[in-house]
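Chemist: I am attaching a structure below and will ask some questions about it afterwards.
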Amino acid sequence: MAVIEPGKTKKYSSSIRLWHWATVLIISGSLLTVLINSTITDKHAITSLVKEKIQQTKGIDNDLSRSVAGALEDKVWAIHTYFGYCLAALLLFRLVLEFFQLADQKFIRKLKAAGQKFKQVKQNRQDALHELTVKIIYIIFYCLLVIMVVTGLALAFDDDFSFLRDIHHQVKSFHGFCMYLILGFIVLHLAGVFLAERKKEGKGIVSDMINGGKG
């Protein structure tokens, strides 16, 4: 574990690190439920299996088979919904946290600094451009999180509001589309971390997100 000199602030606060790893777990769990319901408990895929197994003991019709299969699918979606509530809480926590972070740890300040650096550098701007691009990608990620949370909550509460029921299909489709964008960000993020760890100036980025790093 890196030792932080007295009077020095860490690169990443404990609150940011907690939010980061908690978000990793929640998004991973949420995506896992989607994977399970798309394969193992997919209603269309297991209806025949349920029917076959139950018919071995007594007669059963197609409607009842679909009902049993749908019940299994709904159980997994219920877990997915709980993950969604946790993600909503984490997003709110991150937004509130931005107001209480130390000045040099605020995302907005880092974004402005990256933009100013890019404008000021006239030659060999690759590093400045890379830094600014990374910050913009994170803005897109945060926007995707907001969309995922809002559309997810709309789906969770559409039984309580008629106007949400009317747009259920559109919201569900958009929610699913954003999920693929989130997956794309995760792949891009992991690739970026892997490449950064291979470079001298970026080495230790994972360790920094665990122990805070040097400010």
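Chemist: Checking the table K117/K203; K117/K214; K106/K199; K75/K135; K112/K214 against a 28 Å threshold on Cα-Cα, which pairs fail?
Modeler: K75/K135
Chemist: Apply the Kirkwood formula to the range 77-137: the hydrodynamic radius equals the inverse of the mean of 1/r over all pairs of different alpha-carbon atoms; give it in Å with one decimal.
Modeler: So the Kirkwood estimate lands at 13.8 Å.
Chemist: What is the calculated FRET efficiency for I136 to V34, with r their C-beta to C-beta distance and R₀ = 22 Å, to the nearest 0.05?
Modeler: Efficiency, from the Cβ-Cβ distance: 0.25.
Chemist: Continuing with this model, one more query. How far apart, in nm, are two points set 7 Å out from the Cα along the Cα-to-Cβ line at L102 and at T81?
Modeler: 4.3 nm
Chemist: Which order results if R94, R165 are arranged by neighbouring Cβ count within 10 Å, fewest first?
Modeler: So the ranking, lowest neighbour count to highest, is R165, R94.
Chemist: A follow-up question, please. Over the range 14-211, what relative contact order in percent results from Cα pairs under 8 Å that are six or more residues apart?
Modeler: 17 percent
Chemist: Moving on. Calculate the length of the line joining the C-alpha centroid of the range 101-120 to that of the range 153-215, in whole Å.
Modeler: Answer, in whole Å: 22.
Chemist: Next question, about the same structure. 7 Å from Cα along Cα→Cβ at both H168 and Q126: what's the point-to-point distance in nm?
Modeler: 5.4 nm
Chemist: Can you pull the one-decimal nm distance between simple spin-label points at V193 and A89, each 7 Å off the Cα toward Cβ?
Modeler: Here the answer is 2.3 nm between the modelled labels.
Chemist: Taking amide H positions as placed in the peptide plane 1.01 Å from N, state which residues far from K214 in sequence (5 or more) or on other chains have amide H under 5 Å from it.
Modeler: K11
We did not get these values from a lab; they are worked out from the coordinates using the rules stated. Note that this is a predicted model, so its numbers are computed, not measured. Every residue, glycine among them, receives a Cβ derived from its backbone with ideal geometry; neighbour counts consider all protein chains shown.
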